[in-house]
Amino acid sequence: MAERTKMRNHKGTLILIADFFGIQNEKELIDDAGVVTATITQMKRTDIRLLVNVTNTNDSKAAQLKFAECAKQLRPYCQKIAVIGITPVKTGIVNIINKFMNLGIKSFPTEQAACDWLIE
């Protein structure tokens, strides 16, 4: 499993967490997003519930585009994708990306709220 991913049991259901917390270096963030995406696609599962933590990360346009690209690639493998750590500006961007790409990503203010939604 990629360095930035871990499994968490939330009320009896496994959730895969992709933790990008605090990454400010754009190249590192983009590279790590690619590694996490490759890790998930190699799992060859279609029932993954994914929580992505982007709290205090670089929000450059290149990073946003990479995350959108990764989300599109992960859609066949993930039942649900939740994101935490998104600022109000980023929330608007996620909503626009969702609208045009139909990714099904939902943002939440806390990890607890995201995990509860993921296991619904």
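No lab work stands behind these numbers, since they all come straight from the coordinates. Please read all numbers here as calculations on a predicted model, not as lab measurements. Cβ coordinates were reconstructed from backbone atoms using ideal geometry, including for glycine residues, and neighbour counts include every protein chain displayed.
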Query - Footprinting exposure proxy for 94, 89, 54 (fewest neighbouring C-beta atoms within 10 Å first) - result: 89, 94, 54
Query - Relative contact order (percent, whole number), segment 5-118, Cα cutoff 8 Å, 6+ residue spacing - result: 27 percent
Query - Separation in nanometres of the label points that stand 7 Å from Cα toward Cβ, at residue 35 and residue 79 - result: 2.8 nm
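Taking each full run of DSSP H in the chain as one helix, which ones are at least 18 Å long along their axis (Cα atoms) and have mean Kyte-Doolittle hydropathy of at least 0.0? Write down the numbers at each step before the final one.
Values: long enough: 26-42 (24 Å, 0.05); 61-74 (20 Å, -0.15); 88-101 (20 Å, 0.65).
Counting only whole DSSP H runs, the qualifying helices are 26-42, 88-101.
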Query - Order of 83, 35 - criterion: other Cβ atoms within 10 Å of each residue's Cβ, fewest first - result: 35, 83
Report task. Report the label-to-label distance for residue 100 and residue 62 in nanometres (one decimal), using points 7 Å from each Cα along the Cα→Cβ vector. Result -> 2.0 nm
Query raised in the report: For segment 5-118, what number of Lys pairs, 8 or more residues apart or on separate chains, have alpha-carbon atoms under 18 Å from each other?
Result: 21
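Taking a ≥ b ≥ c as the square roots of the eigenvalues of the Cα gyration tensor of the chain, is the shape rounded (a/c under 1.5), prolate (a/b larger than b/c) or oblate?
Numbers: a/c = 1.35, a/b = 1.21, b/c = 1.11.
Note, shape of the chain comes out rounded.
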Report task. Tell me the label-point distance for the pair residue 24, residue 11, using the 7 Å Cα-to-Cβ offset, in nm and rounded to one decimal. Result -> 3.7 nm
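Classify segment 50-120 from the C-alpha gyration tensor, please: rounded if a/c falls under 1.5, else prolate or oblate depending on whether a/b exceeds b/c. The partial results should precede the final answer.
Numbers: a/c = 1.67, a/b = 1.13, b/c = 1.48.
Oblate, since a/c reaches 1.5 and b/c is not below a/b.
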Report task. Give me 61, 90 ranked fewest to most by other Cβ atoms within 10 Å of their Cβ, as a rough exposure proxy. Result -> 61, 90
Requested in this report: Hey, can you grab everything whose amide H is under 5 Å from the amide H of residue 52? Only 5+ residues off in sequence or another chain; H modelled, so Pro and N-termini drop out.
Outcome: 18, 82, 83, 84
